[in-house]
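**Q** Have a look at the structure that comes next, please.
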Amino acid sequence: MSLLPLVILPDPLLREISKPVADLDGRVKALIEDMFETMYEAPGVGLAAVQVGVTQRIVTMDATRGDDDKEPLALINPEIIWSSDQLSDYEEGCLSIPDYHEVVTRPAKVGVRFLTLAGKIEEREMEGLAATVIQHEIDHLNGKLFIDHLSKLKRDRVLKKFQKIARHQGGA
Ligand code: GNR
Ligand code: NI
């Protein structure tokens with residue numbers, strides 16, 4: 001098990017479209033273990049593989065948060081198969097955009113189809129925080145960030161701030 005470094009805005013990797021996982025081999029299993037370790041340590045309620053530099057359609061999540069009973073869920077090639085008309089506002093953050101939070105409106109409930117690590121197709125209905133998080137994570141797999149749901153004014157302000165930080169660090 002290892003903690004993986006997080007990919008931070010404005011790294012162009014965050015804009016790439018992740019590729020479907022073809023084989024559920026030991027490498028995928030090891031990556032998922034490292035993603036859980038990295039997500040819980042952060043701490044975060046979700047993580048997409050691209051956030052640790054792997055452009056494959058893999059998500060880890062645990063929407064139980066502070067509760068003592070953990071509920072880790074790994075989703076491979078996840079898809080939203082339906083969304084409720086009812087919307088819900090949630091204050092979102094992202095491990096790739098540290099210390100920035102803003103309210104995003106998304107469907108309140110979604111149906112999600114995915115492969116488990118055992119290779120079984122599973123379908124789940126998600127609501128509340130879990131619905132928000134899985135939509136946020138599938139956006140990552142499509143090169144999309146939660147700031148893309150905000151006004152251009154807000155998005156440009158955040159991008160500028162992170163471009164400036166990257167410049168000062170002489171990186172990215
Ligand atoms: O840890 C996270 N919290 C969170 C809160 C509200 C909506 C979405 C999220 S996901 C985020 C971790 C992350 O960046 N996942 O991609
Ligand atoms: Ni995120």
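**Q** Which of the numbered conditions does residue 105 fail, given that it passes all the others? Conditions: (1) of a type in the set (Val, Ile, Thr); (2) more than 14 Å from residue 132 (Cα to Cα); (3) exposed (fewer than 15 other Cβ atoms within 10 Å of the Cβ).
**A** (2)
**Q** Just the residues that are touching a strand residue (DSSP E or B) at 6+ places or on another chain (Cβ under 7 Å), in a helix (DSSP H, G or I) and not β-branched (Val, Ile, Thr), please, taken from the stretch 131-161. Give the steps one after another, and end with the answer.
**A** Just the residues of the stretch 131-161 that are touching a strand residue (DSSP E or B) at 6+ places or on another chain (Cβ under 7 Å), to begin with: 131-138, 140-141, 145-147, 149-150, 154, 158.
If we keep only those that are in a helix (DSSP H, G or I) too, we end up with 131-138, 140-141, 146-147, 149, 154, 158.
Those that are touching a strand residue (DSSP E or B) at 6+ places or on another chain (Cβ under 7 Å), in a helix (DSSP H, G or I) and not β-branched (Val, Ile, Thr): 131, 135, 136, 137, 140, 141, 146, 149, 154.
**Q** Just to be sure I understand the filter: pairs with C-beta atoms under 6 Å, separated by 6 or more residues or on different chains, first member in the stretch 42-65 and touching a residue at least 24 places away in the same chain (Cβ under 8 Å), second member within 12 Å of ligand 2 (Cβ to nearest atom) and of a type in the set (Asp, Glu). Which pairs pass?
**A** As it stands, the answer is 46/137; 48/137; 59/137, since those pairs meet every condition given.
**Q** I need a count of the residues in the stretch 82-109 that are over 15 Å from residue 42 (Cβ atoms) and either modelled with pLDDT under 95 or part of a strand (DSSP E or B) (or both).
**A** So the first thing to find is which residues in the stretch 82-109 are over 15 Å from residue 42 (Cβ atoms), and the list is 82-91, 102-109.
Right, trim to either modelled with pLDDT under 95 or part of a strand (DSSP E or B) (or both) and you get 82-83, 87-91, 102-107, 109.
Number satisfying all stated conditions: 14.
**Q** Across the stretch 108-133, which residue is surrounded by the fewest Cβ atoms within 10 Å (Cβ to Cβ) among those that are within 16 Å of ligand 2 (Cβ to nearest atom) and either over 14 Å from residue 73 (Cβ atoms) or β-branched (Val, Ile, Thr) (or both)?
**A** Step by step, filter the stretch 108-133, then rank; the result is 133.
**Q** When the residues of the stretch 43-81 are narrowed to those that are among the basic types (Lys, Arg) and surrounded by fewer than 18 Cβ atoms within 10 Å (Cβ to Cβ), which ends up modelled with the highest pLDDT? Spell out how you get there, then give the answer.
**A** Within the stretch 43-81, the subset among the basic types (Lys, Arg) is 57, 65, 70.
Narrowing further to those that are surrounded by fewer than 18 Cβ atoms within 10 Å (Cβ to Cβ): 65, 70.
On the way: 65: 75, 70: 92.
The qualifying residue modelled with the highest pLDDT is 70.
The values are calculated or read from the model by the stated rules, or taken from the named source; none is laboratory data. The shown structure was predicted, so the numbers you read here are calculated from the model rather than taken from an experiment. Please note: Cβ atoms are built from the backbone with ideal geometry, for glycine as well, and neighbour counts cover all protein chains shown.
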